Structures are given as structure tokens and as C-alpha cells.
Amino acid sequence: MIGLALPDGPLRVVCLAAHPDDVEIACGGTLLALAARGGVEAAYLTLTGDPSRQDEARTAAEAFLPGATSVFGGLPDGRLPDRWGEARAALHEHAERVPAPDLVLAPRPDDAHQDHRLVGTMAPTVWRDAVVLHYEIPKWDGDMGRPSTYVPVPDALARRKVELLDVCYASQKAHDWWDHEVFLGLLRLRGMECRSRYAEAYTVTKSVLSLGRGTP
């Protein structure tokens, strides 16, 4: 398996979510690893969420990536396709707030949830010159796919991820799918696929590979 790497130095990261908790469920280990790396400026856009859920999302953003900023679209949960124009406008406004990010984290464009799918489809059309990693979210729809890119997650960060999910999103703990076995199980499965103990997985729909040694 061939490894790729983000550039050294400061990174500007955009985190896109249809709902509060999407990013941390999917990318929590990656976010904690970025925080440990240092020099990361992160800006969240979450399109839905009532005030209490927005408070949870702000707390989570700060816990996973200290210093992260959070903006909310205020759109209705489960109805984003009906509000296509407003959702797209929110993404473009965020792109103006955070020009030229190095990395964009967004849902998969083939996610079974209509809200996730809409955000994932729009992301690479708004951020055309950034690396866009499309994340996966476990859910009862059973839509787990075949990812192409993996981020190994150290054991301590994997366990820290699931602990922080419980702390930051207490309102979600009643869901039957919300437990450490689900979250760690997916981390372990994706880790096995890339010869790591734990990992988070992504799809990349378009990328440019530099061959090095002065090549264009």
C-alpha cells in the first residue's frame, strides 16, 4: 500500500456536516491526530441543528480540534434536498470565509442519507482546488462501501474519540447504534484493511499526484 501525505507546515481545514456529530463520528480520530500534529486552523459548517444541538457541536469542535470555529446553516434536519439553493449558498459563503483550504472533510456523495449525500455531492464543486476526503458514517441504512483512502489512528486516539463522542453528544446516547462497539468496531475493521490497529476511511473522487524531483 502506497502512502500519501499532506504538506508540512500549517494546514487550513474545512469540516462540512449535514448534522451535528457527523464529522466527529466519521473523522474524530483524524481530527485528534491533526490536533496532535499542530498548526491546524479548522472551520466547521453544519447545515442543521437546533440551539441545543449546536451547543453540542461547538463543544465537540473545540474538544477534538482546539480553536476550531463553528458556523451553522439553520436548515431543517432531513429536508436538505428541498432547500438545495440555501444549502449551496451556505457552502459558498463558507468558502468565502475560508479561502484556499488544504483539506476539506465532507460526507460521501453516495451516502444513503439524503442530507449527507447532498453535502457530499456539493463539496467538490465548491472547493475545486482542495483535497476533499469524503467520510463515512455508520447507520442503520447499511451503506458502508469500499473506501480508497485510510488514516491510521493510534490506539489512544481511537479510545479518546469514543469517549469524547459520549461527553460531547449526550443527547444522542439513547440511540441503539450509539455505543463504543459500533465506533471502535468500524475503526478496527478499517484498520485491518490498511494494516493498522485502528483507522478511519475515506473516498477521494479526484486528486492530482506530483511525481516529485521538479516535475510540474
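Restricted to segment 199-215, and to residues there that are part of a loop (DSSP other than H, G, I, E, B) and under 17 Å from L6 (Cβ atoms), the residue that is modelled with the lowest pLDDT is G212. Are any of the residues in segment 104-117 more than 14 Å from the chain's Cα centre (by Cα), under 25 Å from D55 (Cα atoms) and open to solvent by 40 Å² or more (accessible area, probe 1.4 Å)? Yes - at least one qualifying residue is present in segment 104-117. Just one residue in the set E24, E86, E41 is of a type in the set (D, E, K, R), farther than 29 Å from H180 by Cα and modelled with pLDDT of 95 or more; that residue is E86. Counting only residues that are surrounded by 13 or more Cβ atoms within 10 Å (Cβ to Cβ), within 24 Å of L65 (Cα to Cα) and not aliphatic (A, V, I, L, M), segment 164-197 holds 14 of them. If we scan segment 130-147, do we find a residue that is among the aliphatic types (A, V, I, L, M), open to solvent by 50 Å² or more (accessible area, probe 1.4 Å) and modelled with pLDDT of 95 or more? No, segment 130-147 contains no residue that is among the aliphatic types (A, V, I, L, M), open to solvent by 50 Å² or more (accessible area, probe 1.4 Å) and modelled with pLDDT of 95 or more. Taking every residue in segment 1-12 that is surrounded by 10 or more Cβ atoms within 10 Å (Cβ to Cβ) and pairing it with any residue that is of a type in the set (D, E, K, R), at least 6 positions away or on another chain, the pairs with Cβ-Cβ distances below 6 Å are L11/D102; R12/E41; R12/D102.
If you go through segment 79-99 one residue at a time, do you hit one that is buried (at least 20 other Cβ atoms within 10 Å of the Cβ), of a type in the set (G, A, S) and assigned to a loop (DSSP other than H, G, I, E, B)? Taking every residue of segment 79-99 in turn, none turns out to be buried (at least 20 other Cβ atoms within 10 Å of the Cβ), of a type in the set (G, A, S) and assigned to a loop (DSSP other than H, G, I, E, B). Tallying residues that are among the small types (G, A, S) and buried (at least 17 other Cβ atoms within 10 Å of the Cβ) within segment 31-70 yields 11.
The values are calculated or read from the model by the stated rules, or taken from the named source; none is laboratory data. For clarity, every value in this text was computed on a predicted model and none was experimentally measured. In this analysis, Cβ positions are derived from the backbone assuming ideal geometry, glycine residues included, and neighbour counts consider all displayed protein chains. The area values use the complete protein model at the heavy-atom level, side chains included, leaving out ligands, DNA and RNA. Shrake-Rupley method; radii C 1.70, N 1.55, O 1.52, S 1.80 Å.
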